[in-house]
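The values are calculated or read from the model by the stated rules, or taken from the named source; none is laboratory data. Small disclaimer: the values here were computed from a predicted structure and weren't measured. Neighbour counts are summed over all protein chains in view; Cβ atoms, including those assigned to glycine, are modelled from backbone coordinates with ideal geometry.
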C-alpha cells in the first residue's frame, strides 16, 4: 500500500540546475532568444535605431513635415518683415548727389560740382535729411541760395541708383545788369541780386551817372535794396505792357532811378524809398493821361505818392 503512493525517482521533474555561462560573443541568431537579455542594447539605443523616417508611420511622417514647414514659413516671414524696412531705408537714403538745371536759354557752361557740393554740405549739416522723406526742400533751397545767390530753388528729383539722388536746380534769370569796375551784378524779376549768371546779358543795363565813389566789396551803390527795386520795376512794367530798356542813376544821388521804356521818348523818375509797384502804377496812369490828351512831356516824376510831376516839350 505504501508503494502505491510512492513515486519513483524517475517520475519526479528534474530540478533546474545552473547552466554553464556561454561565450559573450554570441552570434546574431542567439540575440533574440527567449529568456535572454539583449546584449549591448538600451532603450535609448533602441529609440535611435527606430527614429529614421523609414521606421515612422505615415501619420507621424506627415506630422513631422507639417512642423518643419511651419518653421520654414515662420523664418521666411521674419526675413521678409525685416527686409521691408531695410529696403525702404536703403532706397530712400542719399549718399551721393547729382544735379540737373531746369532753366532754358543757358548760354555758358556750368560747373555742376559747385552745386553738388552745396547740397552735400547741407546734408552733412542735417544728416537726418539724407532720408528723402525727412528732407525739407524749402530749407535746402534757402541754404543753397545763401551760399549761391544765383540759385532760385532746389527740388528733390528721382533716385538714380542705390544711394544716389538727383536734384533739380533752378537758376535766377537776370532782368537787369550793372557793372561796377570789373564786377558784374544782376537782378531777377523778384528783385533778388546776384553776381553769377549763365545767361546772355539782359536787355536792361543800369548806368551809373551818380559820380559817387565806391570800393569793390562794399554795397554803397550796388546795395541789395537798390538792385531789388530795379528788378521789381522791370517786372511790374512788363506786366503793365511796357518794356524797360535802360535804368540809370541820376547825378549826385543813389536813391533815385531814371528808366526809359521801349517806344517812349521821355524818361520816368522814381525813388527807391517808395514801393516799386505803386510808382509803376502812377507811371501807367500818367502815360495814359498824356496819350489821351496827345501830349508829350520831357519826363514824368512819380516819386510822390498819387502825384506825377512833368514838363511838357
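Just one of 145, 136 is more than 30 Å from residue 237 (Cα to Cα), without any contact (Cβ under 8 Å) to a residue 60 or more places away in the chain and not assigned by TED's automatic domain parsing to the domain that holds residue 225; which is it?
136
Select from segment 103-124 the residues that are exposed (fewer than 12 other Cβ atoms within 10 Å of the Cβ) and closer than 17 Å to residue 156 by Cα and write down the one among them that is nearest to the chain's Cα centre (by Cα).
As a first pass, look at segment 103-124 and keep what is exposed (fewer than 12 other Cβ atoms within 10 Å of the Cβ): 104-105, 107-109, 111, 113, 124.
Now drop any that are not closer than 17 Å to residue 156 by Cα, which leaves 113, 124.
Working: 113: 17, 124: 13 Å.
The extreme case among them is 124.
Scan segment 131-150 residue by residue and report those that are assigned to a helix (DSSP H, G or I) and either in contact with a helix residue (DSSP H, G or I) (Cβ under 6 Å, 6 or more places away or on another chain) or surrounded by fewer than 18 Cβ atoms within 10 Å (Cβ to Cβ) (or both). Explain how you work it out, then say what you get.
Pass one, segment 131-150, residues assigned to a helix (DSSP H, G or I): 132-134, 137-147.
Of everything in segment 131-150, those that are assigned to a helix (DSSP H, G or I) and either in contact with a helix residue (DSSP H, G or I) (Cβ under 6 Å, 6 or more places away or on another chain) or surrounded by fewer than 18 Cβ atoms within 10 Å (Cβ to Cβ) (or both) turn out to be 132, 133, 134, 137, 138, 139, 140, 142, 143, 144, 146, 147.
Checking residue 99 against (1) in contact with a helix residue (DSSP H, G or I) (Cβ under 7 Å, 6 or more places away or on another chain); (2) part of a loop (DSSP other than H, G, I, E, B), which test does it fail?
Only one criterion is unmet by residue 99, namely (2).
Would you tally the residues in segment 279-301 being in contact with a strand residue (DSSP E or B) (Cβ under 6 Å, 6 or more places away or on another chain) and over 13 Å from residue 265 (Cα atoms)?
Of the residues in segment 279-301, 4 are in contact with a strand residue (DSSP E or B) (Cβ under 6 Å, 6 or more places away or on another chain) and over 13 Å from residue 265 (Cα atoms).
Name the single residue, out of those in segment 106-130 being assigned to a loop (DSSP other than H, G, I, E, B) and in contact with a strand residue (DSSP E or B) (Cβ under 8 Å, 6 or more places away or on another chain), that is nearest to residue 91 (Cα to Cα).
110
Within segment 93-101, is even one residue touching a strand residue (DSSP E or B) at 6+ places or on another chain (Cβ under 9 Å) and over 29 Å from residue 196 (Cα atoms)?
Checking segment 93-101: at least one residue is touching a strand residue (DSSP E or B) at 6+ places or on another chain (Cβ under 9 Å) and over 29 Å from residue 196 (Cα atoms).
Listed residues 293, 224, 285; which is surrounded by fewer than 16 Cβ atoms within 10 Å (Cβ to Cβ) and within 46 Å of the chain's Cα centre (by Cα)? Working first, answer last.
Details: 293 fails: within 46 Å of the chain's Cα centre (by Cα); 285 fails: within 46 Å of the chain's Cα centre (by Cα).
Checking each option against the conditions leaves just 224.
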